[in-house]
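*Asks:* Pasting a structure here, questions to come.
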Amino acid sequence: MTKNKVLKQTEIRKKRKSIKLSWGWFFTYSFMIGLVAFTALPLIYMVSTAFKPIDELFIYPPRFLVRKPTLTNFSNLLTALSSSEVPFTRYILNSVVTAVTTVVLTVIVSAMGAFSLVKYRPKGSDAMFKIILAALMFSPHVTQIPTYMVVNSLGMINRYSALIIPKIAVAYNFFLMKQFIEQMPDVLMEAARIDGANEWYLFWKIVMPSLKPAWATLVVFSFVANWNDYFSPLIFITSQAMKTLPLALQTIAGGLSIARAGAVGAATFLMTLPTIIIFTLMQARVMETMVHSGIKA
Amino acid sequence: MAVDMDVRTGEQTAHKTSFSSWRKSLKKREREITAYLFLAPFVILFTIFIIIPVAVSFGLSFTRYNMLESPVWIGLTNFKILLMDDDIFLIALKNTLVFAFITGPLGYIMSFMAAWVINQLKYKNAFALAFYAPSITSGIAMSVVWMYFFSGDRYGLINNILINLGFIVEPILWNMNEKTILPVVMIISVWMSMGTGFLVFLAGLQNVSRELYEAAAIDGIGSRFQELWYITLPLMKPQLLFGAINAIVGSFGVFDIAVSVAGIPSPNYAAHTIVAHLYDFAFIRFQMGYASAVSVCLFAITFVLGRVSMRLFSSED
């Protein structure tokens, strides 16, 4: 972009920033403030509850914000509950292992597949992309029954692999990867080929680094989806020691016994924190990828 | 001399091209093999866990199958029972449709409005994070948080406010009263689902070229709302389509929030959904044939609506 153009654009942007006061804008802004309150309040309440001491948890009338924050809820969650059969840390471990493994594998498998589909265009790639587009259009629950039979017959029930292997090839992830690769120029690849690089080297050293925004986005989406997934562990995991956080949280929260209210608050906080951190770290790259997410039909 | 030279270089190039074309075809062959090797892991897993399961679901929906004995072909019986005699499925269908047709469009429109406004504000990223955060939280965890708000006693924040304002005398049992269960599930779901479309829309809006607005201003398009209608929306059709498909799939798959708010089965099936019915028959009663018929219904609904939205947001015109 030339300097002139940049100057011109900032000028336009400045002009667009000065918003005329009108009824339309008044309503738009009130709507936005209402909307932000709607999205933020439960999260603020969650954070505040996690740090509430026991007397503040059961105060009447209920209070929104914490007065004297404490870490007792967290230590209760991690120590007091460990006296039960399965310590809470075990659920954290289960969730971390399955979510991280799934994320790594889905990123690599989707990137390799989408790269091949876009840049080599092997026979049948159009048909394959149509199938993937169609697969975007039904919920994953549709395939759960036969998937359960496969998982069951492979003896994967109550194993980490049941939560990992069926969730590597996801249409949504492949679609995002493919959209992003499509606008990647071939120049770098051609240059490396002339230098005698083989395709495998090319993929890892040239393609993957330039796909960083796309796989950062998949890291976020795939981590969020698997970390929060409730349905798969519900049907594939029956042993208490193999349960992941959503199921564990549901067990702890079940009945909402008074002694556990604080621990539940701490658990919801701990469960939410990683997804927010990962998204915040990758936000810029996610936005860069989502620009290409549209479907041209 | 000159002619001689010409002939010789010509010969040399001819020789060279045949050699390089041989090398090229080798390279081409090698690349074809790599192409298939790169694609193989995805295709194999996708076939085993998506394509075959969809086909098997269709097949099983015409059978009676309990996973112990081999499936028995019973034709359309499952569908007949499902749509004529299974009152609970009809409740689930009604609940899911009510849920989807309210929360889907509501979440979709609100997230577009939010993206459109936030795109014009300063500190875009901070606003985006605030708005997106709910959708990356866990439905289970957030139902727990929301149940503090909707707690059925006086400690519940909403009951407390309503009592103080004099609207009600007795606290409302939000998650046990048949009339309030579904609305509570809907509020939580809208709250959680706005973010997914939001990111797509925000990214799409950032991609609309500023020069178009300038040109439009010359053509006499004055207000922001006219800009939105005549320029932004038509340009964003691909993003609108992607967002719509996500919204459809998300809202018809409602399950975990409903379960953690009202349990399974919920009081008088007030929060029973298609997926809850599927779960009940497949993984509690192990009537896989019947449950497959349920999943075929779910598939058909989302697929048809997906096709409709593809028509609606078609970029060709």
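Every number here is computed from the coordinates shown, using simple stated rules; none is lab data. As the structure is a prediction and not an experimental result, all values here were calculated from the model. A quick note on method: Cβ atoms are made from the backbone with ideal geometry, for glycine too, and the neighbour counts reach across all protein chains shown.
*Asks:* Tell me, A:V219, B:V185, B:V304 in order of fewest to most beta-carbon neighbours within 10 Å?
*Replies:* B:V304, A:V219, B:V185
*Asks:* Highest GNM mean-square fluctuation, chain B, Cα pairs closer than 10 Å: which of B:A270, B:A141, B:A215?
*Replies:* Taking springs between Cα atoms under 10 Å, the residue moving most is B:A215.
*Asks:* How big is the charge dipole of chain B about its Cα centre, in debye rounded to the nearest 20, if each Lys and Arg gets +1 on its Cβ and each Asp and Glu gets -1 on its Cβ? Kindly include the intermediate steps, with their values, before the conclusion.
*Replies:* Working: 21 positive and 20 negative charges, 140 e Å.
In total the dipole reaches around 680 debye.
*Asks:* Relative to the present Cα-Cα distance, how much length would full extension add between A:K296 and A:Y29 at 0.36 nm per residue of separation?
*Replies:* 92.9 nm
*Asks:* Name the shape class, rounded, prolate or oblate, that the alpha-carbon gyration tensor gives for segment B:78-197, where a ≥ b ≥ c are the square roots of its eigenvalues, rounded holds for a/c under 1.5, and otherwise prolate holds if a/b is larger than b/c and oblate otherwise.
*Replies:* It comes out oblate by the Cα gyration axes.
*Asks:* Going by amide H atoms built from the backbone, whose H comes under 5 Å of the H on B:T63, apart from near neighbours?
*Replies:* B:I74
*Asks:* Put +1 on the Cβ of every Lys and Arg and -1 on every Asp and Glu Cβ in the protein assembly as shown; which of B:L173, A:T289, A:I168 then has its Cα farthest towards the positive end of the dipole?
*Replies:* A:T289
*Asks:* To continue, here is another question. Can you bin segment A:170-297 into rounded, prolate or oblate? Criterion: square roots of the alpha carbon gyration tensor eigenvalues sorted a ≥ b ≥ c, rounded for a/c under 1.5, prolate for a/b above b/c, oblate for the rest.
*Replies:* prolate
*Asks:* Within segment B:215-317, list the trypsin sites (Lys or Arg not before Pro) lying in a DSSP loop whose Cβ has at most 12 other Cβ atoms in a 10 Å radius. Intermediate results must be reported in sequence, preceding the final value.
*Replies:* Numbers: sites: B:R224, B:R285, B:R307, B:R311; in loops: B:R285.
Listed in order of number, the matching sites are B:R285.
*Asks:* According to the square roots a ≥ b ≥ c of the eigenvalues of the Cα gyration tensor, what is the shape class of segment A:22-70, taking rounded for a/c under 1.5, prolate for a/b larger than b/c otherwise, and oblate for the remainder?
*Replies:* Here segment A:22-70 falls in the prolate category.
*Asks:* Also, I was wondering about something else. If you place +1 on the Cβ of every Lys and Arg and -1 on the Cβ of every Asp and Glu, how big does the dipole about the Cα centre of the protein assembly as shown come out, in debye to the nearest 20? Can you show the working numbers first?
*Replies:* Numbers: 49 positive and 32 negative charges, 298 e Å.
Here the size comes out at about 1440 debye.
*Asks:* Summing +1 for each Lys or Arg and -1 for each Asp or Glu, what net charge is found among the other residues whose Cβ lies under 12 Å from the Cβ of B:I221?
*Replies:* -2
*Asks:* Then there is this: What longest range of chain B stays clear of loop-exposed chymotrypsin sites (Phe, Trp or Tyr not before Pro) (DSSP non-H/G/I/E/B, at most 10 other C-beta within 10 angstrom)?
*Replies:* Excluding the exposed sites themselves, the longest stretch runs over B:168-317.
*Asks:* What is the extension gain from A:Y60 to A:S210, computed as 0.36 nm multiplied by their sequence separation minus the C-alpha to C-alpha distance, in nm to one decimal? Working shown, then result.
*Replies:* Details: separation 150, 0.36 × 150 = 54.00 nm, distance 5.63 nm.
Full-extension gain reported as 48.4 nm.
*Asks:* Work out the charge dipole of chain B with +1 on the Cβ of Lys and Arg and -1 on the Cβ of Asp and Glu about the Cα centre, then indicate which of B:F150, B:T96, B:I161 is farthest towards its positive end.
*Replies:* Positive-most Cα among the choices belongs to B:T96.
*Asks:* Once the Cα gyration tensor of chain A is found, what semi-axes does its equivalent ellipsoid get, as square roots of 5 times the eigenvalues, in whole Å, sorted largest first?
*Replies:* In descending order, the three semi-axes are 40, 32, 18 Å.
*Asks:* List residues of segment B:273-317, by number, whose backbone nitrogen lies under 20 Å from a label position 7 Å along Cα→C-beta of B:A215.
*Replies:* B:315-317
*Asks:* Run the quick spin-label model on B:V169 and A:D186: label points 7 Å from Cα toward the beta carbon, then report their separation in nm to one decimal.
*Replies:* So the label points at B:V169 and A:D186 sit 7.9 nm apart.
*Asks:* Just to be sure I understand the model, the point goes 7 Å from the Cα along the line to the Cβ. What's the resulting B:S21 to B:I161 distance in nm?
*Replies:* 7.8 nm
*Asks:* Sticking with this one: In whole Å, what three semi-axes, largest first, describe the equivalent ellipsoid of the protein assembly as shown built from its Cα gyration tensor (square root of 5 times each eigenvalue)?
*Replies:* The answer is 45, 33, 25 Å, longest axis first.
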